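The values are calculated or read from the model by the stated rules, or taken from the named source; none is laboratory data. What you see is a predicted model; the values in this text were computed from it and never measured. Cβ placement follows ideal geometry from the backbone for every residue including glycine, while neighbour counts extend to all protein chains displayed. For accessibility, only protein heavy atoms count, side chains too; no ligands or nucleic acids. Shrake-Rupley method; radii C 1.70, N 1.55, O 1.52, S 1.80 Å.
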Amino acid sequence: MAVISTAAILLASSAMAAELNFSVMESGTYDKAAAEVAADFKAATGTDVQISAFPWAVLRQNNTTDLISGTNQYDVMSGGYYLSDVYSYFAPLDDYIAKDNYAQGMIPGLLSPGRSEFVGGKSIGIPYGVDAYGLIFNKDMFEKAGISPDFASWSDVAAACDKIIAANADVACFSHPTGSPEQIGGFFFSGYARTYVSKDGKYSLDVPAATAAAEEIAALWKYLPAKGTALTFDEAHQLFKDQKVAMTITYPSFITNSLDADDSPVKGHWGMAKFPGKGFPWLSLWQLFVPTATEDKDAAWAWIKAYAGPENAKRNLVEHNIGSVWSATYDDPELKAKNAHFWPALIAGFASAKNPPLSGEAQDLLTNTLQDIVNGRVSAADGIAAVESQWAAIPVPAAMLEAAAGSGLQEK
């Protein structure tokens, strides 16, 4: 049974909302964990939490529409930095954080600008599911090819691909969820080590550096498996499990549990490498937001602590592979020993991972253009030049300026 925080149990005697509605991603992980915690939360507090689960793109749109339209059907929302255009609709949570000393024990730096979400110096987002892009490799295939998984750049990965293919018959170099066009950002954000916002607060790239990063990705793309340019997450992951590729590049939380399952062909034969590039691994840091329109913010805060707090962190990780934001989880002796083949690289990724300070519109333009580049529809030079030109017309939300400054991604 889930453990509900003492604070939440004490609130059971207070007048709390009869019902809360929580919007979350439909994934079989985040939503499933929410449903399980909700049952215990109702028993402890009397509040019935309705779980409204949607695929990622639908969740993003539904949250935005709900706020702008004033429908106000969600009392707590799950989202991330791509909601920056509607940050003004969220309530500051600093008083709750201070009252409960909530950040104590969290991974250092997570609850800070540029990683968590702030508006005008006020915290509006509470992190709960951390992940960072990872490079997962087949140890046997690397050993056969005489390859060490220490890659400084994507060019190094491409160079290793030739050796891997030569040494391992009928094996492609890597898989990736190419069918989700936004995911190509994981390669660019790590390979491009410059800023995204100019001194005067405009979206802008270092064009030569961005062009070079795009060219690296295009050179790597030829090492995808046959018909590998439109893979779902499941398809990309299955290719690795079936030992048809030597690497898969993805969010680790989507795959690591299944790789270590008893029926996995690669159990005991895989590891994770430090993510390549001088930029940063793409951070996936789910946040919980409380809309200003939420009537019972105390009840919303109690739900946040029950779902995202340290009491359920180990359970959510073990049962649902939801990355814990709490340091103590990674010091657990049993878990640390069990996951020694990938936790060092995973934790290193958490320490250096960031989100680009991009609104949804700006990010979509960049990643869609990168898709055109790697699939040969436009040259890297022309594509990046087009992004730079079109970005000039996209305003940078105030929250993104704050994030860019906080994470060192604004030109000084």
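Each residue was assigned an accessible area with a 1.4 Å probe, and for ASP75 the value is about 30 Å².
As a calculated quantity, the FRET efficiency between LYS144 and THR229 at R0 = 25 Å, using C-beta atoms, amounts to about 0.40. Please identify which residues in segment 49-66 have an amide N closer than 20 Å to a label point set 7 Å out from the Cα of ALA293, following the Cα→Cβ vector. Label zone hits: 49-54, 58-66. Quick one: net charge of THR229's neighbours, Cβ under 14 Å, K/R +1, D/E -1? Every neighbour counted, the sum reads +1. Assign one of three labels to segment 258-322, namely rounded, prolate or oblate, based on the Cα gyration tensor with a ≥ b ≥ c the square roots of its eigenvalues; rounded applies when a/c is under 1.5, prolate when it is not and a/b is larger than b/c, and oblate otherwise. Oblate.
What share of the DSSP beta bridges in the chain is antiparallel, in percent to the nearest 5? Of the beta bridges lying entirely in the chain, close to 60 percent run antiparallel. Per the Kirkwood formula applied to alpha carbons, segment 52-152 shows a radius of gyration over Rh ratio, Rg over Rh, of 1.14. Per-residue ellipticity at 222 nm computed for the chain from its helices equals -12000 deg cm²/dmol, with DSSP H segments shorter than 4 residues left out and the rest contributing -39,500 (n - 2.57). Axis angle, to the nearest 10 degrees, between helix 380-391 and the longest C-alpha principal axis of the chain: 30 degrees. Computed over segment 153-281, the range of Cα coordinates on each principal axis works out to 55, 30, 25 Å, biggest value leading.
Judged by the mean number of other Cβ atoms found within 10 Å, the most tightly packed of the peptides 154-165, 213-224 leads the ranking 213-224, 154-165.
Positive end of the dipole of segment 217-361 (Cβ unit charges, origin at the Cα centre): among TYR307, PRO225, TYR330, the Cα lying farthest that way belongs to PRO225. A quarter of the convex hull surface defined by the alpha-carbon atoms of segment 314-412 gives 9.5 nm² as the mean projection. If R0 is taken as 30 Å, the Cβ-Cβ distance between GLU334 and ASP263 corresponds to a FRET efficiency of 0.85. The lysines whose alpha-carbon is closer than 29 Å to the alpha-carbon of LYS202, local same-chain residues fewer than 8 away aside, are LYS122, LYS278, LYS354, LYS412.
In the chain, the longest principal axis of the Cα atoms and the axis of helix 56-69 are about 40 degrees apart. Rounded to the nearest 20 debye, the dipole size of the chain about its Cα centre is 800 debye, using +1 on the Cβ of Lys and Arg and -1 on the Cβ of Asp and Glu. Taking a straight Cα-Cα cut-off under 19 Å and skipping sequence neighbours fewer than 8 places away in the same chain, the lysines within cross-link reach of LYS139 are LYS163, LYS241, LYS244, LYS267, LYS274, LYS338. Along the charge dipole of the chain, pointing to its positive end and built from +1/-1 on Cβ of Lys, Arg, Asp and Glu, which listed residue (GLY186, LEU205, GLY277) has its Cα farthest out? Sorting the options by dipole projection puts first GLY277. Near ALA219, once Lys and Arg are set to +1 and Asp and Glu to -1 for all other residues with Cβ below 13 Å from its Cβ, the sum equals -3. Mind checking the full-extension length gain between ALA43 and LEU401? Use 0.36 nm per residue of separation minus the Cα-Cα distance, one decimal, nm. Full extension from ALA43 to LEU401 adds 124.6 nm.
Over all other residues within a Cβ to Cβ distance under 12 Å of SER84, the charged ones net out to -3, with Lys and Arg as +1 and Asp and Glu as -1.
Of the solvent-accessible surface of the chain, computed with a 1.4 Å probe over protein heavy atoms with every protein chain present, carbon and sulfur atoms account for 53 percent. Helix 297-308 against the longest principal axis of the chain: what's the angle in degrees, Cα atoms only, rounded to the nearest 10? For helix 297-308, the angle is close to 40 degrees. Of the GluC sites (Glu not before Pro) found in segment 11-83, those that fall in a DSSP loop while having at most 16 other beta-carbon atoms within 10 Å are GLU26. The structure-derived value of P(r) over Cα pairs in 20 Å bins from 0, in percent appears in the list [x] 27, 57, 16, 0; [y] 28, 59, 13, 0; [z] 23, 41, 24, 12, 1 under the label [x].
Can you find, among PRO356, TRP343, SER389, the residue sitting farthest towards the positive end of the charge dipole of segment 328-412, where Lys and Arg contribute +1 and Asp and Glu -1 at Cβ? Toward the positive end, the furthest listed residue is TRP343.
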